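Remarks on the structure that follows.
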Amino acid sequence: MALHNTSFDAANTSVRAFLTEIGQFYLGRTFNVSSGQGKKDWFKIRDEIFEGKCAYCGKGNMKLQIEHLIMFNKDGYGLHHPGNIVPVCHPCNKRSKAIDKKYKGWEEHLLFICKSNNEEGKFQERLTRIKNHITSDEFKYPSLSAEENNALRIITNNLYESIKNEFEQAVKLFEDLNKAYTKKL
Ligand SMILES: [Zn+2]
């Protein structure tokens, strides 16, 4: 757990909790990768579907982390859902940015990694493997309508701003009270 938490961390955590709840809403059950069925799902995705290898660079024998293909934050509003996660190694888990400094979508990021490793010939195969996973009967990512995506975008951005504001107001309140009490002494 991070020891230095900021208003941005508080806002991001609340957005992730929201995207987890909505992911579970579409999945129809809980999806906790640390226990129960959620853990089994994650191990199946990591060890069987992706054969213990990084979904982006194909390297095995490394510690693999959970990557949300559609970014799990207010900018991507990707859901925490088995159809949105793949195993990746630590270096590949840092999403590359485009020229406009925006984070790349996962397909562009995959292409960037294949090119960086001089393995452009592997791109199509890796892309297909990921696409097969996110459209599989077992782990299919929900196909969201434009309206649903719009709602997710608006709500995650509102939630982020409100939590950040609440947090900053709490700090300000403390500072004001502190000043008021100090004057009385
Ligand atoms: Zn990798």
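The values are calculated or read from the model by the stated rules, or taken from the named source; none is laboratory data. Keep in mind the model is a prediction, meaning the values are calculated, not measured. FYI the Cβ positions are ideal-geometry reconstructions off the backbone, even for glycines, and counts take in every protein chain you see. Keep in mind that these areas ignore ligands, DNA and RNA; they rest on the heavy atoms of the full protein, side chains included. Shrake-Rupley method; radii C 1.70, N 1.55, O 1.52, S 1.80 Å.
The table for this structure:
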{"read-out": "Qualifying positions in region 95-144 - assigned to a loop (DSSP other than H, G, I, E, B), touching a strand residue (DSSP E or B) at 6+ places or on another chain (Cβ under 8 Å) and more than 17 Å from His80 (Cβ to Cβ)", "value": "Ser96, Lys104"}
{"read-out": "Tabulated pairs, region 67-89, first of a type in the set (Asp, Glu) and away from the ligand (no atom under 16 Å from the Cβ), second open to solvent by 10 Å² or more (accessible area, probe 1.4 Å) and in a loop (DSSP other than H, G, I, E, B), C-beta under 9 angstrom, 6+ apart or interchain", "value": "Asp75/Lys102"}
{"read-out": "Sole residue being under 18 Å from Arg46 (Cα atoms), touching an Asp or Glu at 6+ places or on another chain (Cβ under 8 Å) and crowded, with 16+ Cβ neighbours inside 10 Å, chosen from Cys92, Cys114", "value": "Cys92"}
{"read-out": "Odd one out for Asn93, checked against (1) more than 16 Å from the ligand (Cβ to nearest atom); (2) polar (S, T, N, Q); (3) over 30 Å from Val171 (Cβ atoms)", "value": "(1)"}
{"read-out": "Filter result (more than 14 Å from the ligand (Cβ to nearest atom) and of a type in the set (Val, Ile, Thr)) within region 96-139", "value": "Ile99, Thr128, Ile134, Thr135"}
{"read-out": "Thr20 vs. criteria β-branched (Val, Ile, Thr), out of contact with any Cys (no Cβ under 6 Å at 6 or more places or on another chain) and free of Cβ contacts under 8 Å to residues at least 40 places away in the same chain", "value": "no"}
{"read-out": "Ile45 being β-branched (Val, Ile, Thr), within 16 Å of the ligand (Cβ to nearest atom) and closer than 30 Å to Ser145 by Cβ", "value": "yes"}
{"read-out": "Residue list for region 9-51, restricted to those being surrounded by 14 or more Cβ atoms within 10 Å (Cβ to Cβ) and not in a helix (DSSP H, G or I)", "value": "Phe31, Asn32, Val33, Phe50"}
{"read-out": "Any chance Leu64 is in contact with a Pro (Cβ under 6 Å, 6 or more places away or on another chain), modelled with pLDDT of 95 or more and of a type outside the set (Ser, Thr, Tyr)", "value": "yes"}
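The rows are residues; the columns are (1) over 27 Å from Lys59 (Cβ atoms); (2) surrounded by fewer than 10 Cβ atoms within 10 Å (Cβ to Cβ); (3) of a type in the set (Asp, Glu).
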{"site": "Arg126", "(1), (2), (3)": "no, no, no"}
{"site": "Lys131", "(1), (2), (3)": "no, no, no"}
{"site": "Ile134", "(1), (2), (3)": "no, no, no"}
{"site": "Tyr141", "(1), (2), (3)": "no, no, no"}
{"site": "Ile154", "(1), (2), (3)": "yes, no, no"}
{"site": "Glu161", "(1), (2), (3)": "yes, no, yes"}
{"site": "Ala170", "(1), (2), (3)": "yes, no, no"}
